[in-house]
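The values are calculated or read from the model by the stated rules, or taken from the named source; none is laboratory data. Note that this is a predicted model, so its numbers are computed, not measured. Cβ: placed from backbone, ideal geometry, glycine included. Neighbour counts: every protein chain shown. Note: accessible area is taken over every heavy atom of the protein model, side chains too, but ligands, DNA and RNA are not part of it. Shrake-Rupley method; radii C 1.70, N 1.55, O 1.52, S 1.80 Å.
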Amino acid sequence: MANRKKPLVVVTRKLPDTVETRMRELFDARLNLDDTPMSKAELAEAMRTADVLVPTVTDRIDAELIGQAGERLKLIANFGNGVDNIDVTAAAKAGITVTNTPRVLTEDTADMTMALILAVPRRLAEGAAILTGDKEWAGWSPTWMLGHRISGKRLGIIGMGRIGLAVARRARAFGLQIHYHNRRRVPASIEEEVEATYWESLDQMLARMDIISVNCPHTPATYHLLSARRLKLIRPEAYVVNTARGEVIDEATLARLIEAGAIAGAGLDVFEHEPAINPRLIKLARLGKVVLLPHMGSATIESRIEMGEKVIINIKTFMDGHKPPDRVLPSML
Ligand code: 8YV
């Protein structure tokens, strides 16, 4: 009898064991044990029958799929903070609630951002590759493998939300000067804490920074925020770091400008056409101009378990007839 009352929850990818076990205890959870991404047809089928869908960044839940959803589907509980994989407006129109997993991946993503901020100017990946490459290391030399100092440089953060601020706090400890561009200026107490300079004009900030870090979500308003025109404003000595979403940068132009020496390099954890990587970027990585990571910003077991717990809390609260804590409304995008 109890089983019948459990909501049917379809989880599109393999989640940590503890999360899956708890989901099975609480819900009629359909798990994806071999982690093969679901096809569009499989997603459509799941959305026709489930009460709740738990997708990830790799599932595109567009208006077409939402239009085909069954009567029962009332909640899309995203396993992830970014919701650019879901047409939130179409979901709202269809009466489907969308939730995400904010806050629990802030520190890990900021750590990875800081790692890339260090990795590119200090030639970390290039240096590590030397010791595992074909040639034997000839030994230390005073003028060999020189990078650039981080301390004292200007870091321009695009998007001073939770992750942007966590990056700023770390960067201060490394001696970087914090600058930021955001839709809204943050409270004075936060600016004071990280000694941040606000730029209303992104164009003006870009032209003055040594390192630029993208920390804003991907929304229709931020698609190609770093457009070809804006990328050309960046100084030739500057580096670009992106742990947010590939779509925020015109990636092909970024690659061309680095090739041309118009931008010094980049550290990228996310890509415009993920999982496809622009071959120009791969060539630049081999030359040591860019450091590329396969979307690992929140890839710690702690983050992924806490993300799962948030998904469970959102589903449980919703099913108990309350507003889930991490609702995403179209007006929030
Ligand atoms: C997640 C992320 O791994 O949460 C996000 O927005 O970018 C990643 O850290 C991914 O989205 C999981 O769906």
Check your understanding: Taking the Cα centre of each part, how many Å lie between segment 206-233 and segment 81-128?
Key -> 16 Å
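Restricting to the chain, compute how many DSSP beta bridges are antiparallel as a %, nearest 5.
Counting DSSP beta bridges with both partners in the chain, the antiparallel share is about 5 percent.
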Practice item. Above 21 angstrom, tally the Cα pairs of segment 106-292 and express them as a % of all pairs, no decimals. Key: 47 percent
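Starting from the Cα coordinates of the chain, work out the convex hull volume and express it per residue in Å³. Could you put the intermediate results ahead of the total?
Numbers: hull volume 50.8 nm³, N = 333.
Hull volume normalised by residue count: 153 Å³.
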Exercise for review: Provide the FRET efficiency to the nearest 0.05 for the Ala207-Arg169 pair, computing r from the beta carbons and using R0 = 30 Å.
Suggested key: 0.75
Exercise for review: Distance from a point 7 Å along Cα→Cβ of Arg256 to each backbone N in segment 265-307: keep the residues under 11 Å and list them by number.
Suggested key: none
Review point. Any idea how far the Cα center of segment 30-45 sits from the one of segment 265-281, in Å?
Key: 26 Å
Review point. Going by accessible area, probe 1.4 Å, with all protein chains left in place, what is the ranking of Trp137, Trp144, Trp199, largest first?
Key: Trp137, Trp144, Trp199
Revision key, fill the gap. Excluding residues fewer than 8 positions from Lys14 in its own chain, the lysines with Cα under 18 Å of it are Lys40, Lys310
Revision key, fill the gap. Relative contact order in percent for the chain (Cα pairs under 8 Å, 6+ apart) equals 17 percent
Exercise for review: Kindly provide the helix-only [θ] at 222 nm of the chain, computed as the sum of -39,500 (n - 2.57) over DSSP H runs of four or more divided by all residues, to the nearest 500 deg cm²/dmol?
Suggested key: -10000 deg cm²/dmol
Point to revise | Accessible-area value, Tyr223, 1.4 Å probe, nucleic acids and ligands omitted, Å² | key: 120 Å²
**Study point:** Helix 106-119 vs. the chain, principal-axis angle (Cα, 0 to 90°, nearest 10)
**Key:** 30 degrees
**Study point:** Per residue value of the accessible surface for segment 106-292 (all protein chains in place, 1.4 Å probe), Å²
**Key:** 50 Å²
